[in-house]
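Visitor: Sharing a structure with you now.
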């Protein structure tokens, strides 16, 4: 499902697609109760490991993985470390943009970390945010709000 959309987009570009991974995609690799999502994420990670995408994660993604309980924490970090990725660190611009998204009503203050995920992808000029968070990140209202707020 999500891979087909990537491939369609990628066919229009000469460069590798820059993708931002949020925590939900990485954690899905260990979710046995969602076999279809897990299969899609496994396919995505196979393509990532093959070097088909330029991958970006934020320090929020790393922190969320670091805060998981063992043994899940080790498994998830192992998945991430099996890929070549660029770490997006906040120099203040991400925090400022995340707060602007919340002030504009794009996301609620209780979804601050989700706002930081989106702001990180915007600042890093990623082509796609890959997420299974359909409530806050992957939905039309959020996309419209991000675009109208200068993202």
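Visitor: Consider residue 6 against the criteria (1) farther than 19 Å from residue 83 by Cα; (2) in a helix (DSSP H, G or I); (3) at pLDDT below 85: it satisfies all of them except one. Which criterion is unmet?
Guide: Against the list (1) farther than 19 Å from residue 83 by Cα; (2) in a helix (DSSP H, G or I); (3) at pLDDT below 85, residue 6 comes up short only on (1).
Visitor: Condition first: in contact (Cβ under 8 Å) with a residue 60 or more places away in the chain and closer than 13 Å to residue 95 by Cβ. Now tell me which residues in segment 112-131 satisfy that.
Guide: 117, 120
Visitor: Looking at 42, 81, which one is closer than 18 Å to residue 27 by Cα, modelled with pLDDT of 85 or more and exposed (fewer than 12 other Cβ atoms within 10 Å of the Cβ)?
Guide: 81
Visitor: In segment 90-111, which residues are in a helix (DSSP H, G or I) and free of Cβ contacts under 8 Å to residues at least 24 places away in the same chain?
Guide: 96, 98, 99, 102, 103, 109, 110
Visitor: Here is a list of conditions, (1) modelled with pLDDT of 90 or more; (2) within 12 Å of the chain's Cα centre (by Cα), and residue 132 meets all of them except one; can you say which number that is?
Guide: Condition not satisfied by residue 132: (1).
Visitor: In addition: Give the residue that is modelled with the highest pLDDT, with candidates limited to residues of segment 12-35 that are within 26 Å of residue 111 (Cα to Cα) and out of contact with any helix residue (DSSP H, G or I) (no Cβ under 8 Å at 6 or more places or on another chain).
Guide: Restricting to residues being within 26 Å of residue 111 (Cα to Cα) and out of contact with any helix residue (DSSP H, G or I) (no Cβ under 8 Å at 6 or more places or on another chain), the top hit is 18.
Visitor: Still on this structure: Residue under question is residue 127, and the condition is that it be at pLDDT 90 or above and touching a helix residue (DSSP H, G or I) at 6+ places or on another chain (Cβ under 8 Å); does it hold?
Guide: yes
The values are calculated or read from the model by the stated rules, or taken from the named source; none is laboratory data. Note that the structure is a prediction, hence the values are computed from the model and not measured. Glycine gets a Cβ as well: all are built from the backbone with ideal geometry, and neighbour counts include every protein chain shown.
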